[in-house]
1. Run down the aspartates and glutamates and flag those whose C-alpha is under 18 Å from the C-alpha of LYS322, throwing out any fewer than 8 positions away in its chain.
2. Which semi-axes, in whole Å and largest first, does the equivalent ellipsoid of the stretch 221-339 have when worked out from the alpha carbon gyration tensor as the square roots of 5 times its eigenvalues?
3. For the chain, just the Cα set please: Rg and Dmax, both in angstrom.
4. Mean Kyte-Doolittle of at least -1.0 plus a Cα span of 27 Å or more along the axis: flag which DSSP H helices in the chain meet both, please.
5. How big is the stretch 1-115 in terms of Cα radius of gyration and Dmax, in angstroms?
6. Report, please, the projected area of the stretch 95-207 averaged over directions, based on the convex hull of its C-alpha atoms, in nm².
7. What's the longest bit of the chain with no exposed GluC sites (Glu not before Pro), using DSSP loop states and at most 12 other Cβ atoms within 10 Å as the test?
8. What is the diffusion coefficient of the stretch 4-207 in µm²/s, taking the Kirkwood radius over Cα pairs and the Stokes-Einstein relation at 25 °C with a viscosity of 0.890 mPa s?
Amino acid sequence: MFSETELEFAQKYPFSNTAKKIIKKEDLDLENLPESIKQAAKIKIGHAFSQTSYTPKIIGHKDSLKDEILAFPLAKILISFMPDSLFDKFASSVRETTKNYLQEESVSGKEKKSLEPLLDLAQDLNLKVSIEDEKILSINVTDFLDFVPDKKDLKLVNQQVENGKIFLTLNDFIDFLSEKSFHLVLESLPVDIKQIPLELKKLSKEIYSELQPKFVKKHFKNTGKIKPELFPDCMQNIYSQLMSGKNVSHFGRFAIATFLNQIGMPKENIVQMFSKTPNWNEKTTRYQVEMLSGKSGTEYNAPACDKMRSAGFCTKTHCNEKHPVTYYFNQLKKTSKKEGFNDKRS
């Protein structure tokens, strides 16, 4: 049995050795996962999309803590079915979460609270750390060089080194442990998914199809002019046909309307796009566009690539993308530096 203190520690630092012991002891049954663990994993993945910290409010006692702990390996499994660009984002979310917890418990503004949280995590990770004074900690050079941190302030050339030790302020040590968490998580992805139940692969696909378009819309809805030249071929073809007044099937109209809504085109522009088509009825079109955009309470996602392919709109036999919105998102990112595109994360 693990104490509540150990469970709380593992929930905060799911990459820790304590968390690994608990996960091994619980022996998660992937064939019969409780809904509470699935939902917690989905939330963790959602934070990975935006690379934000995840500090859940634990309601109840040990069972709630265990759900959060077990949701972490499940989230890693689900992430492993997704594009590998999410591995870095998932690790980034863990890094931000780790930093928040350490800052809250160790430092409040300029007032020192306690070194214990820092030392506890360092000890769990088998790092050799010493207290030099109330503001300085030292760590063995070998432990410090176990990975290469991205943060410039943590580069070896910027450190004070003496007798095989590196001296860090509390804030720098918090940054170091946070970077360590990023490294440990990223190093553990992807997990081996060969023997993973098919249901989890389906769940991963459902979560990705739901979260990716929402993430794209959140960050790019107000970025300015829509760029049809960056659309995937399937959407370019439908869009050009509509703009030239050709008739398009019901599925094609649904696909382009939901796609344009998700990438941020104003509803009025979507409505007007259909104005050149045969049997144009503004009132009916406006109603349908508003329904697809969420007025009915459900905002519809554009069809994924496999559905576009099945419907005959995609002619590519080899494509690494899974969703037209993802394709547009990636093309937009590629042109961001050239055109001054703002890709800040909120």
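Every read-out reported here was derived from the displayed coordinates using simple, explicitly stated rules and does not represent laboratory data. Keep in mind that what you see is a predicted model, and the values were worked out from it rather than measured. As a convention, Cβ positions derive from the backbone with ideal geometry for all residues, glycine included, and neighbour counts pool all protein chains shown.
1. ASP84, GLU206, GLU210, ASP233, ASP306
2. So the three semi-axes of the stretch 221-339 are 22, 17, 14 Å.
3. That works out to 24.3, 82 Å for Rg and Dmax.
4. Both cut-offs are met by 62-80, 85-106, 198-220.
5. Gyration radius and largest Cα-Cα distance of the stretch 1-115: 14.4, 49 Å.
6. Its Cα hull, projected and averaged over all orientations, spans 9.2 nm².
7. Details: sites that count: GLU31, GLU134.
Between the exposed loop sites, the longest stretch runs 135-346.
8. 138 µm²/s
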